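Right, one structure below, let's go through it.
Please treat every number below as a calculation from the coordinates, not as lab data. Bear in mind that the values here come from a model prediction, so they are computed numbers and not experimental data. Reconstructed Cβ throughout: ideal geometry from the backbone, glycine too, with neighbour counts over all protein chains shown.
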Amino acid sequence: MSFAFIHPEFRLNSKAYTDVESLIDAVQDEQSNDFIREWFNKEDGIVVQTSGSTGIPKKMTLLKQHMINSAYASGEYFNLPAQTKALCCLSSSYIAGKMMWVRALTLGWHLDVIPPSNYPLEHNRETYDFSAMVPLQVQNSLSKLGQIKTLIVGGGAVSLGLLNQIKKIDTKVYATYGMTETSSHIAIRNLKLKSPVYQVLPNVTIAVDQRGCLVIFAPHLLHEKIITNDLVKIKSAKSFEWLGRFDSVINSGGVKLIPEQIEAKLSELITQRFFVAGIPDERWGEKLVLFVEGAPNPKLYEAVSKLNTLHRYEVPKDLYFIPKFKETHTGKVQRKESIALALLNQ
């Protein structure tokens, strides 16, 4: 089956393209060019790679029809018809960047594509209806986010400090829940609201397994259900609250601790990048440890220990400073590699 179709309203950097070959010739970025070639070949699927932020990066094949269905779902949910002006500032090597292309080609958007950068709006004065960023890009673009009407944020947690800053701007900003397997997001959370609840998109059904982890049913995106490792609290048939990762739960002295919930509290105090994790300990089994990016700050541990939002058992028992966290190609923190680096240098 051929998917070589360009919506007649599609524009790339303000220019129209009526045939695939001229589009391929125009796309200079290697990652985007590779994707465009694969998108318009005769195969039914696209080979994609997970980011590796929660495990070993792996390759899988997504059906192009499922990706197209995802594009239509996003366009309908956010009311983004043909001629929507959009900015792609994410790498086309991963699903988030690929899906910006698919939405634009499928829905007839006017797409501007720029090289991935931590400062995507630094030299850009254009205004856009829609874009997608990771939290670090949002943090570095706060003064210019007014140039974007609707922004989705994925690829990492949004800190409390960033959340408070987002609420001061006019842009509609949404956190997304999704994964490579689901061709981008299947649920949305409005970051202007106090509620931590995600609303699932149309045609998506959710449940939990015996562990309390999210199970996703989405026939238009998946042939089979996906059983995730994400701990959630189901709020309704169409909404849930994300609690954390099942595989990151720390059992410290018989008390189960969810790192993501502790990190949300610590974000009130710590402005630079950080995370908590459990490391083996003879007394506790697993010891709760705080890892902070940057130069050592002797006063930080004392401040953390006095943070009144933390329960007694949520106070880290140790603190490590790492000059620079290990990252994936998309800028996500690699926790296991960063922990190994910290312990090696002690």
Taking H placed 1.01 Å from N in the peptide plane, check which residues at least 5 places from Leu243 or on another chain put their amide H under 5 Å from its amide H. Leu231, Val232, Lys233
Taking amide hydrogens as modeled 1.01 Å from N in the peptide plane, which residues meet the under 5 Å criterion relative to Tyr128, leaving out close sequence neighbours? Ile148, Lys149
Enumerate the calculated ³J(HN,Hα) couplings along the stretch 146-163 in order (Karplus 6.51 cos²θ - 1.76 cosθ + 1.60, θ = phi - 60°), each rounded to whole Hz, writing x wherever the residue is Gly or Pro. x, 6, 10, 7, 10, 10, 9, 10, x, x, x, 6, 8, 5, 4, x, 5, 4
Quick one: work out the % antiparallel among DSSP beta bridges in the chain, nearest 5. 65 percent
Extreme residue, positive dipole direction of the chain, given options Ser338, Leu319, Gly156 (C-beta unit charges): Leu319
Partner aspartates and glutamates whose C-alpha sits under 12 Å from that of Lys233, ignoring same-chain residues fewer than 8 away, are Asp209, Glu241
